[in-house]
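The values are calculated or read from the model by the stated rules, or taken from the named source; none is laboratory data. A quick note: this is a predicted structure, and the numbers were derived from the prediction, not measured. Heads up, the Cβs are rebuilt from the backbone with ideal geometry, glycines too, and the neighbour counts pull from every protein chain shown. Please note that ligands, DNA and RNA were not included when accessible areas were found on the heavy atoms of the full protein model with its side chains. Shrake-Rupley method; radii C 1.70, N 1.55, O 1.52, S 1.80 Å.
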Amino acid sequence: MNMLQQSRNQVLAQIETACAQAGREPDSVQLLAVSKTQPSAVLADMYQAGQRAFGENYLQEALEKITALKDLEIEWHFIGHVQRNKTKHLAENFAWVHGVDRLIIAERLSNQRREDQLALNICLQVNIDAQDTKDGCQPEEVTDLVRQISQLPNVRLRGLMVIPAPGNPQAFIEAKALFDRVKAQHAHPEDWDTLSMGMSADMQAAIAAGSSMVRVGTALFGARPQKD
Ligand SMILES: *Cc1c(COP(=O)(O)O)cnc(C)c1O
């Protein structure tokens with residue numbers, strides 16, 4: 001077994017253990033492999049190990065890998081900050097965009113998704129722990145944004161994405177509570193099925209709180225070069 005297979009099996013085992021401890025089904029949490037800064041050949045090896053969903057943060061780098069790996073059945077997720085002038089590339093090349101935090105971004109993604117493509121899956125990024133950052137909408141804005149974004153034809157709003165500050169597991173609990181409140185009021189609750197939270201260092205706490213998708217880089221691929 002090669003090293004990537006080993007680390008992937010280890011992460012899958014950690015997910016399984018965290019699910020068991022939380023009384024959750026092992027398949028209720030999806031593993032997103034965060035492959036930013038990793039070369040295409042490494043992604044291809046991880047694909048051979050069985051991984052299908054990959055998350056990228058930097059558009060230009062991601063587009064190069066999407067082209068290089070176009071023969072593989074990879075599900076591409078964009079998890080970086082979404083800039084308004086980059087939405088066309090995102091709409092055309094990804095299956096998921098996690099960092100949507102304004103109506104105008106969702107509108108552009110919906111308008112720019114091609115007719116021959118399935119609806120683009122998106123998550124609403126929420127600044128759940130009031131960090132001093134421009135990324136993520138405020139929790140109070142979520143209800144209105146969900147109502148507005150749900151009416152757009154070519155995006156499918158699947159749930160929430162959060163990146164709380166390290167060492168704040170309470171933020172995961174608050175994100176889950178917000179997720180559940182939206183679901184309870186949702187016109188089509190079955191479409192609201194994704195809570196994207198948890199990374200290498202805190203996936204256990206995120207799963208305990210109710211994450212349905214963990215975004216894991218370092219624990220799968222090792223430490224990244226400094227660029228990050
Ligand atoms: C880099 C990144 C991750 C993965 O972080 P690790 O600590 O390497 O697991 C997850 N989510 C986002 C948004 C990231 O930018």
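Listing for the model above:
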| item | result |
| --- | --- |
| Residue in region 69-113 that is surrounded by the most Cβ atoms within 10 Å (Cβ to Cβ), counting only those that are within 15 Å of the ligand (Cβ to nearest atom) and over 20 Å from Thr37 (Cβ atoms) | Val100 |
| Only listed residue being closer than 18 Å to Val97 by Cβ, open to solvent by 40 Å² or more (accessible area, probe 1.4 Å) and touching a Leu at 6+ places or on another chain (Cβ under 9 Å), chosen from Arg215, Arg156 | Arg156 |
| Verdict on Lys65 being open to solvent by 30 Å² or more (accessible area, probe 1.4 Å), assigned to a helix (DSSP H, G or I), touching a residue at least 24 places away in the same chain (Cβ under 8 Å) and of a type in the set (Lys, Arg) | no |
| Top-ranked residue of region 185-206 - restricted to ones that are part of a helix (DSSP H, G or I) and touching a strand residue (DSSP E or B) at 6+ places or on another chain (Cβ under 7 Å), ranked as nearest to Ala175 (Cα to Cα) | Ala206 |
| Counted residues, region 33-50 - those being polar (S, T, N, Q) and in contact (Cβ under 8 Å) with a residue 60 or more places away in the chain | 3 |
| Criterion (within 15 Å of the ligand (Cβ to nearest atom), in contact (Cβ under 8 Å) with a residue 40 or more places away in the chain and not β-branched (Val, Ile, Thr)) met by exactly one of Gln30, Gln21 | Gln30 |
| Enumeration of residues in region 44-54 that are more than 13 Å from the ligand (Cβ to nearest atom), under 17 Å from the mean Cα position of the chain (by Cα) and surrounded by 16 or more Cβ atoms within 10 Å (Cβ to Cβ) | Gln51 |
| Of all residues making up region 14-41, the number that are open to solvent by less than 50 Å² (accessible area, probe 1.4 Å) and either in a helix (DSSP H, G or I) or touching a Lys or Arg at 6+ places or on another chain (Cβ under 9 Å) (or both) | 13 |
| In region 178-195, the residues that are under 19 Å from Trp96 (Cα atoms) and crowded, with 19+ Cβ neighbours inside 10 Å | Phe179, Trp192, Thr194, Leu195 |
| Residue that is modelled with the lowest pLDDT, among those in region 120-140 that are surrounded by fewer than 17 Cβ atoms within 10 Å (Cβ to Cβ) and not basic (Lys, Arg) | Thr133 |
| Region 186-228, residues that are small (Gly, Ala, Ser) and either more than 8 Å from the ligand (Cβ to nearest atom) or on the phi > 0 side of the Ramachandran plot (or both) | Ala187, Ser196, Gly198, Ala205, Ala206, Ala208, Ala209, Gly210, Ser211, Ser212, Gly222, Ala223 |
| Verdict on Thr143 being more than 13 Å from the ligand (Cβ to nearest atom), open to solvent by less than 10 Å² (accessible area, probe 1.4 Å) and hydroxyl-bearing (Ser, Thr, Tyr) | no |
